[in-house]
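For reference, the structure discussed in these notes is given below.
The values are calculated or read from the model by the stated rules, or taken from the named source; none is laboratory data. Everything numeric here is computed off the predicted structure, so don't read it as measured data. Ideal geometry is used to build each Cβ from the backbone, glycine not excepted, and the neighbour counts take in all protein chains shown. For the accessible areas, the whole protein counts, side chains as well, though only heavy atoms, and no ligand, DNA or RNA atoms are used. Shrake-Rupley method; radii C 1.70, N 1.55, O 1.52, S 1.80 Å.
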Amino acid sequence: MRLVIAEKRSVAVAIAQALDAAPHRCDGYILAGGVMVSWAQGHLVELDEPESYEGEAWASREWTMDSLPIDPKEWRWRLSDAKGAAQRYRELVGLMRSDKVDELVDACDPDREGEAIFRRMAAHAGVEKPMLRLWVASLDEQAIRDAWNRMRPETEYDGLAAAADARAKADWLVGMNASRAHTLAWHRSLSLGRVRTPTLNMVVQRDQAIESHTPTPFWRLDVPMGGWSLESGRITDHTQAERILAGTAGRPVDVVGVERSREHEKPPTLFDLTGLQKTMSERHGVTAEQTLAGLQHLYEMKIATYPRTDSKYITHDDLDTLNSLLKPKYALGFLDGGPVNAIHDLYVGKGFDAGRCVADDKVAGHTAILPTTRLTYDVFNTLPDTERKIMATILTRMWAACASDRIHDVARVKAVVDAAGPDGTVERVPLSASADTTVERGWTGIERAAEDGDDIPNGRRNRIPDDLTEGRVDPVSAPLLVEGETTPPKPFTEATLLNAMEHASRFVADRDLKAALDDDTSHSGGIGTPATRADIIESLLRNGCLARHGRRIRSTDAGRFLIQVAVDELKDVELTARWEQRLADMEHGKGDEREFLDAIRAECASFPRRVTELAGREDLRRYAQETGGKESFGPCPRCGRPVIRTGRIWQCSSNRREKQPDGSWRSVDGCGFKVFPTLFGKNLTDTMVRRALEGKRPKVSGLVGRSGKPFEARLVPDRERGIGVTFGGPCKRR
């Protein structure tokens with residue numbers, strides 16, 4: 001019997017329904033047409049922590065530079081700490097080892113990480129039965145059946161598995177070695193990583209550009225023409241601007257060129273996760289993390305498709321479903337106001353074309369985010385506010401993406417005016433104007449009505465006469481000078497930072513490396529993935545490297561310090577580009593995993609020397625003293641403010657104490673959260689507290705209970721006691 005293992009339960013259900021019209025649900029799996037179908041829970045098996053490598057110098061909880069680099073000779077894996085992961089793993093292993101099962105089918109997501117999830121489970125469980133690969137991007141029943149009939153041996157995907165394995169190990173090596181070396185050199189907690197550090201660097205560089213910007217005044221000559229105006233380029237010299245203004249008074253304008261065209265502005269694509277997160281941030285101020293959480297719940301309710309997708313298209317197999325979602329009776333009940341009116345007008349007029357959203361070659365894993373046919377107006381109306389906004393945004397984009405083009409007439413005018421100088425010389429001043437007039441609003445009547453914005457790009461209000469031709473024209477009134485000044489770059493918002501991560505290739509000059517970073521055939525383009533980008537930003541906020549100011553995201557002193565002292569290549573997105581280039585070769589059988597990891601090991605081995613040299617620089621030591629604020633150990637479980645160390649205890653930075661007249665001290669402010677240095681007879685370390693407050697549940701041995709017997713447990717934040725303990729299942733290793 002075959003055992004099919006999908007990445008998520010919902011995918012397993014879809015596969016079972018495609019294989020059998022009446023599948024039978026059993027304990028932990030589904031029986032469908034003589035096939036067992038079960039599911040994982042994301043990454044059930046992960047790389048273990050350095051502390052688990054007993055006997056290695058770097059496995060000690062006491063960090064030293066001499067013990068670096070961290071370089072396992074044999075890799076160790078552990079079960080995920082995620083809730084329910086251990087139980088799900090045990091159930092899957094029981095099925096994989098069952099005598100009833102003689103063949104396994106890998107039905108995890110059709111990408112690098114999906115391949116990793118299945119391979120790690122099978123290897124960790126020691127299962128070596130024949131394996132096939134079900135490679136399907138759509139959950140349409142016919143698409144699943146077609147993919148079922150063309151399954152290939154799992155060995156044909158060994159290159160993809162090798163790339164996934166190499167990427168995970170390389171990230172582990174770089175993160176562990178870089179973080180430990182920098183922390184030891186600078187005597188403060190510094191967490192670095194291939195994606196985290198370049199993301200922080202983007203914000204630091206932007207903030208520094210803002211702060212170093214010096215406003216420069218400029219002037220433009222504005223010539224009123226009656227309902228429209230001609231404008232010069234920037235004039236940076238005020239004396240020259242005044243001379244031009246005086247010299248053009250009363251003079252006619254020579255129109256030297258008039259261009260008119262009717263243009264089509266195509267609709268936007270459907271949403272991938274990053275696109276939805278950006279729009280929710282811009283339109284509603286909802287964070288990327290909140291958007292993912294809300295969308296995940298909608299997915300679990302089966303009223304939205306898979307959330308962690310990086311695709312903006314659907315396949316031909318999904319076309320009928322999308323057409324059914326576009327039916328007027330289904331669509332018009334969900335939104336009020338402008339979008340509904342525009343949708344109605346389009347139904348009456350040109351209608352919708354779902355085929356615009358089809359691109360089979362651009363769907364590598366899951367398709368774009370859409371509602372499902374299970375969504376009804378009654379269900380929509382009962383959703384919490386944030387989830388209702390998420391669903392309304394998805395619906396609006398669905399209709400907009402399938403709507404007709406915005407048709408608009410564009411006019412561009414070029415002209416010159418002679419400015420007479422006091423000495424009799426004449427300076428010819430170039431002028432220009434443009435106008436953009438909507439003929440048919442098309443998709444903009446839906447999307448831009450939802451944004452409460454204007455459908456005219458750039459706010460152009462010129463109305464250039466239809467009969468304007470080349471020749472001499474008199475202005476309707478005297479020219480004037482319009483003063484302005486250069487502005488600094490805008491601070492990052494969560495939306496623009498997500499966009500920068502997604503399109504990180506713009507920071508890479510080399511064409512081949514740029515292409516490697518943009519290639520999304522088996523991995524997400526840019527840095528990070530749609531599923532991890534929000535968490536990367538949140539982790540930088542939690543550890544105090546970034547801070548929110550309204551919708552803006554700014555770097556902190558701690559974040560700037562980290563970027564100032566970090567090894568150069570760790571700050572550059574080019575590191576990811578180089579990796580992706582080699583991993584792509586590996587996928588296609590052109591590269592070797594061992595050679596790739598040996599290069600990473602050599603780089604990690606150089607960190608102690610290079611970081612120590614940086615720490616010896618006088619300018620950096622002085623900078624470290626100037627930014628010697630308290631480091632954050634994570635967010636306070638009570639109020640969210642940073643937890644800092646004061647003496648032997650860790651406490652919320654909001655806490656304040658004042659000395660009383662009688663010499664005693666009294667708490668006068670703050671939430672009161674504290675972590676004392678000893679827990680169950682065990683002395684806590686900075687690392688233990690930090691990892692606990694970051695939600696990483698570090699495993700600690702040597703705790704002593706009331707009976708006097710030692711035990712081990714995982715540390716977790718506790719609002720009342722500071723740090724508490726929890727008891728998870730044992731971590732099995734192969």
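Some observations on this one:
- Its Cα gyration tensor gives region 112-239 an equivalent ellipsoid. The semi-axes, each the square root of 5 times an eigenvalue, are 55, 32, 9 Å from largest down.
- Computed on the chain, with alpha-carbon pairs under 8 angstrom and 6+ residues apart, the relative contact order is 15 percent.
- Stokes-Einstein diffusion coefficient of region 550-639, Kirkwood radius over Cα pairs, 20 °C, 1.002 mPa s, in µm²/s: 130 µm²/s
- At least 27 Å along the helix axis (C-alpha) and Kyte average at least -0.5, DSSP helices within the chain: 158-186, 593-615
- Rounded accessible area of S311 (nearest 10 Å², 1.4 Å probe): 0 Å²
- Over all Cα atoms in region 361-441, the spread is summed up by Rg and Dmax: 26.0, 79 Å.
- Approximating the spin labels as points 7 Å out from Cα along Cα→Cβ, the D585-to-E289 distance works out to 3.9 nm.
- In the chain, helices alone account for a calculated mean residue ellipticity at 222 nm of -11500 deg cm²/dmol, with every DSSP H run of four or more residues adding -39,500 (n - 2.57).
- Net length available on complete extension from L620 to D466 is 49.0 nm, with 0.36 nm assigned per residue and the Cα-Cα distance removed.
- Cα-based shape type of region 4-123, given that a ≥ b ≥ c are square roots of the gyration tensor eigenvalues and the cut on a/c is 1.5: prolate
- Accessible area in the full protein assembly, largest first, 1.4 Å probe, for C545, C671: C671, C545
- Stokes-Einstein, applied to the Kirkwood radius of region 527-592 over Cα pairs at a viscosity of 0.692 mPa s and 37 °C, places its translational diffusion at 233 µm² s⁻¹.
- Once C-alpha pairs closer than 8 Å and six or more residues apart are averaged by separation and normalised to the residue number of region 27-158, the relative contact order reads 20 percent.
- Under a model in which nothing but the beta-carbon of Lys, Arg (+1) and Asp, Glu (-1) is charged, the chain shows a dipole of about 3200 debye around its Cα centre.
- Counting Cα-Cα pairs of region 201-281 in 5 Å increments starting at 0 gives whole-percent bin shares of 3, 9, 10, 11, 11, 10, 11, 15, 11, 6, 3, 0.
- Volume per residue of the C-alpha convex hull in region 257-326, rounded to whole Å³: 163 Å³
- Just the protein heavy atoms count here, and of the accessible area of region 513-585 at 1.4 Å, carbon and sulfur take up 45 percent.
- Amide H contacts under 5 Å for K8, placed H, 5+ residues apart: A40
- Under the criterion of Cα pairs below 8 Å and six or more residues apart, the relative contact order for region 521-568 equals 20 percent.
- Inter-label distance, S606 to Q205: 2.0 nm, where each label sits 7 Å from its Cα along the C-beta direction.
- Virtual spin-label span in nm between D71 and E231, 7 Å along Cα→Cβ: 6.0 nm
- Couplings 3J(HN,Hα) of region 21-38, computed from phi: 5, 9, x, 9, 7, 10, 6, x, 7, 10, 9, 9, x, x, 10, 8, 10, 10 Hz, in residue order, whole Hz [Karplus 6.51 cos²θ - 1.76 cosθ + 1.60, θ = phi - 60°; x for Gly and Pro].
- Solvent-accessible surface (1.4 angstrom probe) belonging to M391, in square angstrom, nearest 10: 0 Å²
- The slack between W665 and S701, meaning 0.36 nm per residue of separation minus the straight C-alpha distance, is 9.4 nm.
- Stokes-Einstein diffusion coefficient of region 115-178, Kirkwood radius over Cα pairs, 10 °C, 1.306 mPa s, in µm²/s: 116 µm²/s
- Both numbers refer to the Cα atoms of the chain; Rg and Dmax are 30.7, 104 Å.
- Descending principal axes extents, region 598-683, alpha-carbon based, whole Å: 60, 35, 25
- Exceeding the 18 Å Cα-Cα cut-off - candidates K278/K362; K327/K362; K100/K129; K8/K100: K278/K362; K327/K362; K8/K100
- Charge context of P371, other residues only, Cβ under 13 angstrom, K/R +1, D/E -1: +3
- K514 contributes an accessible area of around 60 Å² to the protein surface, as traced by a 1.4 Å probe with all chains present.
- G634 long-range amide H proximity, modeled H, under 5 Å: V643
- Of all DSSP-defined beta bridges confined to the chain, some 85% are antiparallel rather than parallel.
- Long-range amide H partners of K682 with built H, under 5 Å: V704
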